[in-house]
């Protein structure tokens, strides 16, 4: 072959590789070496490319065209993985110079770049980027994805925080309005029903005539003992300050500082009110620190204030996404701040309910119990208590239930929807004494029918949020003692964890489902995160691990079973990626005005995220395989 032809082939190889990870980040010299030594090979449809019988792989492969099927011996078709253009194999076997555990075959006509084993080892030496990729390829891919997401969200966060933001962009809802002759009582009722801190008084044409705020109630209504049937015009602030809709947040801040006011009205070209901009709206745009947010939660005087603080927290977590905070830290952060809101709601309600002299605790279950909450989450909670001998149990139960129902209702107002399955402390079934909880757990473990196993997947992930923590600790000790001694329960719980297989397709990358009358979806909660959560729960209960979070359970179980650290790290990376994908999707959905969910369309992911998602499901399959071996399922 002439030098010109060879140079052309090398150049074409390098151009192709540069489009895919990790080659797009490799050093120029290393990429040139790869281009010079990789040879293009052809495999016809259904032919074998690599099998465990071949021993250490003779080549490292990069798919140039077509699809390759990876299948572990003994695995069903649901465990197969498709390797597509730009992806490589077998990374672990080639790096460790050991036989692969998978059989690789051509789904259709396949062209692969092949790098001889000797050249592969040389590439590891001359390219630190490639070496790191092979040593922990899922972690490396995850880092790339996080950088992409960081760039995407950081720009959005900066845009939202900019004081150059137009006022019409800050108006999240239409103003709540009243007429000048409306009675004061009707206006106050309207403010309470709509949960707003200010109401705009407008003319019939919609032009602002005045404004009335919560801070006006004390000095203009309560202290003067004003009659509630007087017109609102008597106590409103007249001629409220207005700014055109294209004015900026900076203009609003300047107006507030110059005129000593707390609210500015944004109006359109016809002087009609579009919305109210408050000091708090401008405050929420800034880079608020965790200390300030916690202080705002802990000192909130009422539920309306907590509602606004909750919105500030949501803005802050988006900033954290933009700063590249990892999924584990971010879900813990969200859970911690949600804990704070829940505690404050409880404290506010304790002012209306007398529980003095009662030992009780508020329990969180499910994702909140594991400290793994995402942006979209409902309530899963209960109460555990002791009944003093001097008290009537039925009467005490009614007092606790009345209190719990008020807390549930206020949490719903603060953005935590009521549980559709009624797993809430206001339900008598989940407001129980320590002995009743212990007996319920013991019954589920002794007779693990489908309902008991479902309950175990929810209630066995719990922690106390408020009250006497020792009650929850005693319940947890009892749970671990009961579960460790019952191998039948463990085996059935493991079987339940294996009931959902990773959604990997046979001929396509993924196996998807239909939702809302449309196909091509994967539920990242039920078909992805659950794979890791359920397996980790089984390991924790079997090994007596007290931790409630999925990652801590996996780490501690790995130490007890002697699992290789790199295998555990890959599984945890996979779980973290799925959690991050959920957070990102929920935030984008929320920005489009839709309630966040866990339904993604993998075909709409970028190539890097599709690749990591596929690898994450492979790691989930490996984790499930451990359970199969442990319990011979």
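Can you tell me which of 383-389, 81-87 comes out highest on packing, and rank the rest after it, using the mean Cβ neighbours within 10 Å?
Highest to lowest by the protection proxy: 81-87, 383-389.
Hey, with R₀ at 25 Å, roughly what FRET efficiency would residue 488 and residue 359 work out to, going by the Cβ-Cβ distance, to 0.05?
The pair residue 488/residue 359 has a calculated efficiency of 0.15.
Angle between the Cα long axis of helix 184-194 and the longest principal axis of the chain, 0 to 90 degrees, nearest 10?
10 degrees
Could you give the angle, 0 to 90 degrees to the nearest 10, between helix 607-631's Cα long axis and the longest principal axis of the Cα atoms of the chain?
Helix 607-631 sits roughly 80 degrees off the main axis of the chain.
Which whole-number percent of Cα pairs in segment 495-631 have a distance greater than 26 Å?
Roughly 25 percent, once rounded to a whole number.
Given all pairs of different Cα atoms, what value in angstroms does the Kirkwood hydrodynamic radius of segment 3-135 take?
15.1 Å
Please report 424, 630, 492, 256 as a ranked list, fewest other C-beta atoms within 10 angstrom at the top and most at the bottom.
630, 256, 492, 424
Report the gain in length on full extension from residue 180 to residue 205: 0.36 nm times residue separation, minus Cα-Cα distance, nm rounded to one decimal.
Full-extension gain reported as 7.7 nm.
Quick check on the chain: helices-only [θ] at 222 nm, where DSSP H runs of length 4 and up contribute -39,500 (n - 2.57) each and the sum goes over total residues. Nearest 500, please.
Taken over the chain, the calculation gives -16000 deg cm²/dmol.
Pulled fully out, how much extra length does the chain show between residue 386 and residue 610, if you take 0.36 nm times their separation in residues and subtract their Cα-Cα distance?
Extra length from residue 386 to residue 610 when fully extended: 75.5 nm.
Suppose the chain between residue 219 and residue 121 were pulled fully straight at 0.36 nm per residue; how much longer would it get relative to their current alpha carbon spacing?
27.3 nm
With 10 angstrom as the radius, rank 11, 21 by how many other C-beta atoms surround their C-beta, starting from the fewest.
11, 21
For a paramagnetic label modelled at 7 Å from the Cα of residue 270 toward its Cβ, which residues of segment 196-210 fall within the zone defined by backbone nitrogen distances under 12 Å?
205-207
What label, among (1) 1.17; (2) 1.30; (3) 1.08, belongs to Cα Rg over 2.2 N^0.38 Å computed from the structure on display?
The value matching this structure is (1).
Can you give me the convex hull volume of the Cα atoms of segment 475-550, divided per residue and expressed in Å³?
Hull volume normalised by residue count: 111 Å³.
Equivalent ellipsoid semi-axes for segment 290-474, as square roots of 5 times the alpha carbon gyration tensor eigenvalues: give them largest first, rounded to whole Å.
29, 21, 13
Let's test the formula: R0 of 56 Å, r as the Cβ-Cβ distance of residue 28 and residue 169. What FRET efficiency results, to the nearest 0.05?
With R0 = 56 Å, the Cβ-Cβ based efficiency is 0.80.
For residue 514 paired with residue 99, estimate the spin-label separation in nm (one decimal), with each label point 7 Å from Cα along the Cα-to-Cβ line.
Result for the modelled spin labels: 4.5 nm.
How do the peptides 63-70, 171-178, 93-100 rank, highest first, by the average count of neighbouring beta carbon atoms within 10 Å per residue?
Going from most to least packed, we get 63-70, 93-100, 171-178.
If you take the C-alpha gyration tensor of segment 170-285, multiply each eigenvalue by 5 and take the square root, what semi-axes do you get, largest first, in whole Å?
So the equivalent ellipsoid measures 24, 16, 12 Å along its semi-axes.
Angle between the Cα long axis of helix 487-497 and the longest principal axis of the chain, 0 to 90 degrees, nearest 10?
Roughly 90 degrees, rounded to the nearest 10.
If you count, for each residue, the other Cβ atoms within 10 Å and average over each peptide, how do 363-369, 431-437, 481-487 line up from highest to lowest?
Output ranking for 363-369, 431-437, 481-487: 363-369, 431-437, 481-487.
Which FRET efficiency value, to the nearest 0.05, is calculated for residue 71 and residue 311 with the Förster distance at 56 angstrom and r the Cβ-Cβ distance?
0.70
Taken together, the values in this text are just the output of simple stated rules run on the coordinates, not laboratory data. Predicted model, so just to flag it, every value in this text is computed and none were measured. So basically every Cβ, Gly included, is an ideal-geometry build from the backbone, and we count neighbours across all protein chains shown.
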